[in-house]
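Trainee: Structure below; questions to follow.
The values are calculated or read from the model by the stated rules, or taken from the named source; none is laboratory data. Here the structure is a predicted model, which is why all the values come from computation and not from measurement. So basically every Cβ, Gly included, is an ideal-geometry build from the backbone, and we count neighbours across all protein chains shown. Note: areas computed on protein heavy atoms with side chains; ligands, DNA, RNA excluded. Shrake-Rupley method; radii C 1.70, N 1.55, O 1.52, S 1.80 Å.
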Amino acid sequence: MKKIIPLIHALALVTSFNFSVNGQTYCASRGINTSHGYIKKVSIETINNTSGNNGGYADFTTQSATLLKGATYTIELTPGFNPLAYVEYWTVYIDFNHNGIFEPSEIVGEKHAYIRVNKSFPIPLSALNGATRMRIQMQAGAQETNPCATYTYGEVEDY
């Protein structure tokens with residue numbers, strides 16, 4: 001029998017401050033300038049969020065999807081461009097152990113492209129049940145390796 005872990009439920013509003021989910025404090029991350037691209041759409045299971053340009057950061061933690069331990073899912077990430085296309089680098093984290101830190105082992109997707117990307121990943125059997133934070137970083141021209149970064153071109157969305 002597979003156990004269910006819903007992705008996120010939080011009511012924190014964030015600009016550039018730390019915030020918490022279920023008692024865990026998460027660092028802030030954001031892009032400063034979205035003129036080279038922004039996160040236009042995120043789709044995974046019941047999340048199908050077309051958000052457009054949010055100025056570098058958006059909190060969508062009121063949206064959730066139920067993911068099963070041991071199952072594999074595909075996340076679809078669509079960039080928006082304002083006004084020209086750049087290679088966009090994506091990093092997706094899920095805090096499976098609920099410790100408030102996006103660790104390298106919790107990266108479920110890294111990819112780059114000019115257009116929409118799809119990335120499949122498994123939910124580990126060791127993932128804890130309950131509300132779980134997912135962070136998506138998109139940066140123009142380079143991969144961001146710090147989940148708490150403030151960087152020049154791109155955008156971050158939390159789910």
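Trainee: Under a 1.4 angstrom probe, counting protein chains only, how are LEU68, LEU77, LEU125 ranked by accessible area, largest first?
Mentor: The ordering from most to least exposed comes out as LEU125, LEU68, LEU77.
Trainee: How would SER120, SER64 rank on accessible area, largest to smallest, probe 1.4 Å?
Mentor: Largest accessible area first, the residues go SER120, SER64.
Trainee: Counting Lys +1, Arg +1, Asp -1, Glu -1, what net charge surrounds GLU157 among other residues with beta carbon under 12 Å of its beta carbon?
Mentor: +2
Trainee: Going by average Cβ density within 10 Å per residue, which order do the peptides 104-116, 140-152 take, highest to lowest?
Mentor: Top of the packing list down: 140-152, 104-116.
Trainee: Let me ask something additional. Would you mind computing, in nm to one decimal, how far apart the modelled labels at ASN99 and ASN48 are, each placed 7 Å from Cα along Cα→Cβ?
Mentor: Here the answer is 3.7 nm between the modelled labels.
Trainee: Any idea what Rg and Dmax come out to for segment 71-159 if you just take the C-alpha atoms, in Å?
Mentor: 13.3, 43
Trainee: A further question on this structure: Can you pull the accessible area of LYS69 for me, 1.4 Å probe, Å² to the nearest 10?
Mentor: Here the residue's solvent-accessible area equals roughly 30 Å².
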